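Colleague: Have a look at this one.
The values are calculated or read from the model by the stated rules, or taken from the named source; none is laboratory data. On a predicted model such as this, the values are computed, not experimentally measured, just so you know. We place every Cβ from the backbone using ideal geometry, glycine too, and count neighbours over all the protein chains shown.
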Amino acid sequence: MSDQRVSRGTPAGLRFIDVHHHTVLPEYQQALIRSGAGDPSRPLRKNSDAQEALDNMATLGIEAAIFNPLSVAGVHHGDDANARYLCETTNEALARFSSHDPKRMGFFAPLPFPDLDGSLRAMEYALDTLGADGLILLTNQNGRYIGDPAFEALYAEMDRRGAAVFVHPAKPNFVDSLELKLWAAIVEYPFETTRIAANLIYNGFMQKYPNIKWILAHAGGCLPYLSLRLRLMEENDEHRPKFSERHPEGVDPYLDKFWFDTAISGSRAAMAALYAVADPSRIFFGSDWPYIDRVYVEDQSNSLVDDPTLTRERFRLMERGNAQRVFPRFG
């Protein structure tokens, strides 16, 4: 029996605004070569140009999208100057790319994290000059994780600007030592995203910088499922002062302060868990196209349409309403 998956197509009439949409630009690939970095990703489907991207979006019920230019190769490979060059040239290319249809195409700007000074300058240039819709960070670069207190100046500036910051999982450094044959994205990525959410809560940055719109990919990874387990940091803490002393309000008040997308998570089980934790006004549609096969995007769209968890109002907010409210480009 063939294991070929059969496409059901995308339901008619959908008008998704997609906040988890990839593109691989030549400028990004060339900057990786300049950095002496290969791309360890599996072979990627990519749009050859902006019009092809729009054509593909139309067949998937996606009316507009915010593009993410990164692969698992990331931005920083040991040299600050190369990382700054990569981000500057990629962001300029993204601005040109989205200008093809600026009412339907936006972009998240990468920063040369963990280069703090470079990240602050790149943020200013991307938001103030290039008109980026927000920023994108991988969960870790070179083993340095978002939520690390060493980068508080970055979070403070993001908060001052009320920035939308899309967090995409990256391959953790320890995976190769596990000698597992599983591709890291299958299991490790959701835990990476959860690790960032826990780190931001534990180190107090969700409380201190509430204006940052942290968008967690893939329905927050394991966050909905582990939401009760995260409360263990309220009692098991070897650091002083303990988390419970620093944050007597506990973990729960911050779980629904993140934002989420539905990429590769649009099943009934995942959506039921997500809506049990997240405010419906903080959930966006995400496709993960073209990094995943078309049939998975179609399956997810069909599942979302048929899901009884999504009332008409919840679906409207997830489909486009929340994105229109947060991103002025689509308002």
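Colleague: Mind telling me which of the residues 136, 146 ends up being of a type in the set (Val, Ile, Thr) and touching a His at 6+ places or on another chain (Cβ under 9 Å)?
Modeller: Numbers: 146 fails: touching a His at 6+ places or on another chain (Cβ under 9 Å).
Checking each option against the conditions leaves just 136.
Colleague: When you check residue 326 against the structure, is it aliphatic (A, V, I, L, M) and more than 21 Å from residue 166 (Cβ to Cβ), yes or no?
Modeller: Working: aliphatic (A, V, I, L, M): yes; more than 21 Å from residue 166 (Cβ to Cβ): no.
So residue 326 does not fit the description; no.
Colleague: Confirm whether residue 53 is surrounded by fewer than 18 Cβ atoms within 10 Å (Cβ to Cβ) and more than 20 Å from residue 165 (Cα to Cα).
Modeller: No: the conditions fail for residue 53.
Colleague: Residues 108, 113: which one is surrounded by 24 or more Cβ atoms within 10 Å (Cβ to Cβ) and part of a strand (DSSP E or B)?
Modeller: On the way: 113 fails: part of a strand (DSSP E or B).
The unique qualifying residue is 108.
Colleague: Identify the single condition in (1) modelled with pLDDT of 95 or more; (2) in contact with a strand residue (DSSP E or B) (Cβ under 8 Å, 6 or more places away or on another chain); (3) outside any helix (DSSP H, G or I) that residue 250 does not satisfy, given that it satisfies every other one.
Modeller: Exception for residue 250: condition (2).
Colleague: If I filter region 282-306 down to residues being among the small types (Gly, Ala, Ser) and more than 17 Å from the chain's Cα centre (by Cα), which single residue comes out as surrounded by the fewest Cβ atoms within 10 Å (Cβ to Cβ)?
Modeller: From region 282-306, those among the small types (Gly, Ala, Ser) are 286-287, 301, 303; that's our starting set.
Checking the rest, the ones that are also more than 17 Å from the chain's Cα centre (by Cα) come to 301, 303.
Details: 301: 24, 303: 17.
Filtering first and then ranking leaves 303.
Colleague: Next up: Got a sec? Which of 269, 278, 263 is surrounded by fewer than 22 Cβ atoms within 10 Å (Cβ to Cβ) and of a type in the set (A, V, I, L, M)? Quick ask: steps written out before the conclusion?
Modeller: Numbers: 278 fails: surrounded by fewer than 22 Cβ atoms within 10 Å (Cβ to Cβ); 263 fails: surrounded by fewer than 22 Cβ atoms within 10 Å (Cβ to Cβ).
Going through 269, 278, 263 in turn, just one is surrounded by fewer than 22 Cβ atoms within 10 Å (Cβ to Cβ) and of a type in the set (A, V, I, L, M): 269.
Colleague: Here's a follow-up. I'm checking my understanding of the structure. Among residues of region 68-81 that are of a type outside the set (Gly, Ala, Ser) and closer than 16 Å to residue 138 by Cβ, which one is farthest from the chain's Cα centre (by Cα)?
Modeller: 77
Colleague: I would also like to ask the following. If I ask for residues that are at negative phi and either in a loop (DSSP other than H, G, I, E, B) or free of Cβ contacts under 8 Å to residues at least 12 places away in the same chain (or both), which ones from region 122-169 would you list?
Modeller: 124, 128, 129, 130, 132, 133, 139, 146, 148, 163, 169
Colleague: Same structure again: In the list 211, 199, which residue meets the criterion of being closer than 27 Å to residue 285 by Cβ and either at pLDDT below 95 or assigned to a helix (DSSP H, G or I) (or both)? Write out each step before concluding.
Modeller: Working: 211 fails: either at pLDDT below 95 or assigned to a helix (DSSP H, G or I) (or both).
The unique qualifying residue is 199.
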